[in-house]
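Data first, discussion second: the structure below is written as structure tokens.
The values are calculated or read from the model by the stated rules, or taken from the named source; none is laboratory data. On a predicted model such as this, the values are computed, not experimentally measured, just so you know. Cβ sites come from the backbone with ideal geometry, for glycine too, and all protein chains shown count toward neighbours. Note: areas computed on protein heavy atoms with side chains; ligands, DNA, RNA excluded. Shrake-Rupley method; radii C 1.70, N 1.55, O 1.52, S 1.80 Å.
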Amino acid sequence: SACLFIVLISSIVYFQIYGPWKARKTIKIVTAYAKEGDYHKAHETLTRLLNTNLPQKESQKARELLSQSTLFIAKEMVSGEKLSDARDFLVTYLSKYGLDKESSEAWDILDQCHLKLGQQLEGAGNYTEALKEFSAIREEGAYFHEAQQDISRLWLINQQDHFKRQTVSQLMKEAEEHFQAQR
């Protein structure tokens, strides 16, 4: 019973005192990284910290700091025209932590990445991939209406290309089929 008592006391001390103290210490270190501008190191440390079993208060603070570092890194990638990297980075972040209220700005940046990538792919003539990027934009996002206009334009281009590739006999055959179906 003495061994059981020692194990019980040790676990209480570890989980109630040492765990939260260590988490607060790590959060202070991450805050220092952020003040120095080393957001990559802060992000890496926070993701490792959030994979542990944190108390509620420390977990909330860590998520807020992670959100800030993620936004900074994503904006840095977007300004550096690394749109696909920014998109993948944000998708990874949002799949794990995207349910917080702090993640709304991350969703907006992700929509912006989808829009810019779609426009780049459209300019390169890769309409199918451009449509995928445009259709990934959220309906409640700020870029939704612009994406819908781009989708409509691409759809019209795709339909025009379809009819340009058909010969007159193919078009007549298709018209005959439509006529028979209507009849």
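Computed quantities for the displayed model
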item: A142 being under 22 Å from K82 (Cβ atoms) and buried (at least 16 other Cβ atoms within 10 Å of the Cβ); result: no
item: Residue under evaluation S103, criteria (1) open to solvent by 40 Å² or more (accessible area, probe 1.4 Å); (2) modelled with pLDDT under 85; (3) in a helix (DSSP H, G or I); (4) within 24 Å of Q60 (Cα to Cα), criterion not met; result: (1)
item: Residue in the range 113-124 that is within 26 Å of the chain's Cα centre (by Cα), under 30 Å from A62 (Cβ atoms) and not in a loop (DSSP other than H, G, I, E, B) present; result: yes
item: Number of the exception - I27 against (1) closer than 30 Å to G118 by Cα; (2) more than 23 Å from the chain's Cα centre (by Cα); (3) of a type in the set (V, I, T); result: (1)
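Yes/no matrix, rows are residues, columns are (1) polar (S, T, N, Q); (2) open to solvent by less than 70 Å² (accessible area, probe 1.4 Å):
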residue	(1), (2)
A2	no, yes
K25	no, no
T47	yes, yes
L65	no, yes
